[in-house]
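The values are calculated or read from the model by the stated rules, or taken from the named source; none is laboratory data. As the structure is a computational prediction, the values presented were derived from the model and not from experiment. Every residue, glycine among them, receives a Cβ derived from its backbone with ideal geometry; neighbour counts consider all protein chains shown. The area values use the complete protein model at the heavy-atom level, side chains included, leaving out ligands, DNA and RNA. Shrake-Rupley method; radii C 1.70, N 1.55, O 1.52, S 1.80 Å.
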Amino acid sequence: MIEQTIQQYLSGRPIAAGQIVNAGWLVFRIANEGPPVVLESLDFQKVASFTQDLREAEKIFEMQSNMLHKHSVEGEPCTLRHTAVVSKSYSPGHPKAYIKRDTVAKDIDSGWYVGVLDDTLDIENVNSYISISLYELSIADRRMLPYWLMPVDTVVSLENGLVGVVK
């Protein structure tokens, strides 16, 4: 589905090997100009590791599309290259972890915050946070993958997948 959409988008456009193409939250790289054009996606296993097997990218695209449809909301763009502000109390798989979209994506900031309920760190202290790419977060904690395109004011409990969207 997504591969055909990208192929259609690229047809008739000048392309070059190594060129990056964004599709939703995902990022693809042109491996070979073809024809047909050969696309690569990050493999969602480790940082900066590409694959021509696009099945995982297809699954993620579908998960994100389904989440938007389920909640009857328009997506708020960002890509896996954007970063999130992350509480140093958070760890992958943390049972009290949540994500909250505070703003639209700007520059490299996705607008997402990753925290934990009852955080003991001082929220006023900038040393209580770090910035991590959405891709790195997604590799470490796949529970986040369906939600990255959700709009501002979305809050998700990662333990049970409960989503709150203020419309």
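Quick one: would you say TYR135 is aromatic (Phe, Trp, Tyr), crowded, with 19+ Cβ neighbours inside 10 Å and more than 23 Å from HIS69 (Cβ to Cβ)? The answer is yes for TYR135. Do we find a residue being at pLDDT below 95 and either at positive phi or small (Gly, Ala, Ser) (or both) anywhere in the stretch 101-113? Checked the stretch 101-113: no residue is at pLDDT below 95 and either at positive phi or small (Gly, Ala, Ser) (or both).
For the residues PRO146, PRO95, the requirement of being loosely packed, with under 14 Cβ neighbours inside 10 Å, on the phi < 0 side of the Ramachandran plot and not aliphatic (A, V, I, L, M) singles out PRO95. Considering (1) within 14 Å of TYR147 (Cβ to Cβ); (2) open to solvent by less than 30 Å² (accessible area, probe 1.4 Å); (3) at pLDDT below 95, the lone condition that GLY24 does not fulfil carries the number (2). Screening the stretch 27-57 for residues that are on the phi < 0 side of the Ramachandran plot and among the aromatic types (Phe, Trp, Tyr) and picking the one that is modelled with the highest pLDDT gives PHE28.
Scanning the stretch 156-167 for residues that are surrounded by fewer than 18 Cβ atoms within 10 Å (Cβ to Cβ) and not small (Gly, Ala, Ser), which turns out modelled with the lowest pLDDT? Selected residue: LYS167.
Within the stretch 26-70, if we keep just the residues that are among the β-branched types (Val, Ile, Thr) and over 18 Å from ARG13 (Cβ atoms), the residue that is farthest from the chain's Cα centre (by Cα) turns out to be THR51. Among residues of the stretch 3-30 that are closer than 16 Å to LEU54 by Cα, those with a beta-carbon under 7 Å from a residue that is among the polar types (S, T, N, Q) and assigned to a helix (DSSP H, G or I) at least six positions away or on a different chain give the pairs ALA23/THR5; GLY24/GLN64; TRP25/GLN64. Within the stretch 27-55, the set of residues being within 16 Å of LEU137 (Cα to Cα) and either open to solvent by 40 Å² or more (accessible area, probe 1.4 Å) or in a strand (DSSP E or B) (or both) comprises VAL27, LEU42, GLN45, LYS46, VAL47, ALA48.
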